[in-house]
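Read-outs: derived from the displayed coordinates by stated rules, not from any lab. Predicted model, so just to flag it, every value in this text is computed and none were measured. Ideal geometry is used to build each Cβ from the backbone, glycine not excepted, and the neighbour counts take in all protein chains shown.
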Amino acid sequence: MIFGLKRPQLIGTDLDGTIIPFDRPISQRTIDAFTAAHNLGIHIYFVTGRPPRWMKVVEETFDFGTGICGNGALLYDFRAERILESWLIQSDELVRGAQILRAVIPGATFAVENSDGFHRERRYNPRWDKGQDDQGVSLIEEHLNQPAIKFLVRSQDEVVTADEMLALADASVGEFLTVTHSNPHESLLEISARGVSKGSTLAKVAERLDISSDNAVTFGDNPNDLSMLAWAGRSYAMKSGHPSTHAIATGIAPECNDDGVAQVIEELLALPE
């Protein structure tokens, strides 16, 4: 036990590559660790870039906790399958963003997640949303007439990397949109409303619970986790995570496939209240 540290009051965790391995289900050790934390009265938030329809695995695994979806755009009750609160990108910002990014991102193609679901341009390759929009449109502007949960930009044929895309997009639309990515190996950007991030929404819910950042612990592995890793008093980047997460987190957790988050939570629960 580390002298002076106390058990956290809130735990916020990313899902994919953090507690959900890419090649197997959530482990029993991870389920047990989060269950023990919940039973001790710790508030649990599952914080992800996923849209609500991708939260079934969480609903089927945990009967506690709250979802933060779309990289902070939605506060989501996954048991009731109900959006509690939202912070969306407005239509005019979507149109402006598309016009600018089409000019600065080589091979840019677009998709959008809104209240009607997932929509894409025909050239956009929907690797994770196959079947959601089989037709596509010529230009995404046809679907930008309402607020969006998340705006997606893919570099067709991976002309530039995700990190290179992030730098180009942040320099061109960063004043009115929040740009990030969740996979350095795929040329795909995820865009939210200005000021909306995993960290901003986690900070809101913590304030409502009268929990300070010093009493929160977060876990993540990619740039879309940076805001919540930076916000929490104690934060853990996954060992195999993006270098930017290692630079900002206060600690490094073992690999996801080794139940890294569970290992850290077990240590945290041994601390005094």
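Figures for the structure shown
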read-out	value
Placed amide H near Arg234: partners under 5 Å, 5+ positions off or other chain	Ala216, Thr218
Surrounding net charge for Leu144, when Lys and Arg each add one and Asp and Glu each subtract one, Cβ distance under 15 Å	-4
Rounded to whole Hz, the Karplus (6.51, -1.76, 1.60) HN-Hα couplings of region 53-70, x for glycine and proline	5, 8, 9, 4, 4, 6, 4, 6, 9, 10, 9, 8, x, 10, x, 10, 10, x
Whether region 1-110 is rounded, prolate or oblate, judged on the alpha carbon gyration tensor where a/c under 1.5 counts as rounded	prolate
Note, ³J(HN,Hα) from phi for region 133-145, Karplus 6.51, -1.76, 1.60, rounded to Hz, x at Gly and Pro	8, 7, 9, x, 10, 5, 10, 5, 3, 4, 10, 9, 9
Average Cα contact separation per residue, the chain, under 8 Å, 6 or more apart, as relative contact order %	22
Highest to lowest packing among 188-197, 51-60, 107-116, 132-141, scored as the average C-beta count within 10 Å	188-197, 107-116, 51-60, 132-141
For Val137, distant residues with modelled amide H under 5 Å away	Arg120, Glu121, Arg122
Region 75-89 - phi-based ³J(HN,Hα) in whole Hz, Karplus 6.51/-1.76/1.60, Gly and Pro as x	9, 10, 8, 6, 6, 8, 6, 9, 6, 8, 7, 9, 9, 9, 7
Mean separation of Cα contacts under 8 Å (6+ apart) over length of region 91-193, as relative contact order %	30
Cβ-based net charge around Ala193, under 11 Å, with every Lys or Arg adding one and every Asp or Glu removing one	+1
Considering only the chain, percent of DSSP beta bridges that pair antiparallel, nearest 5	55
Packing rank of 210-216, 230-236, where each peptide gets the mean count of other beta carbons within 10 Å, highest leading	230-236, 210-216
Sequence-distant residues sharing a close amide H with Leu10 (under 5 Å, placed H)	His43, Val217
Count, lysine Cα pairs under 20 Å in the chain, 8 or more residues apart or across chains	6
Mean Cβ neighbour count within 10 Å, used as a protection proxy, ranking 70-77, 178-185, 259-266 highest first	70-77, 259-266, 178-185
Considering only region 91-193, percent of DSSP beta bridges that pair antiparallel, nearest 5	95
Within-15-Å neighbourhood charge of Asn39 [Cβ basis; K, R +1; D, E -1]	-3
Given [x] 1.03; [y] 0.94; [z] 0.97, the label whose value is Rg/Rh (Cα atoms, Kirkwood Rh) derived from this model	[z]
Among beta bridges that DSSP assigns inside region 150-273, antiparallel share in %, nearest 5	55
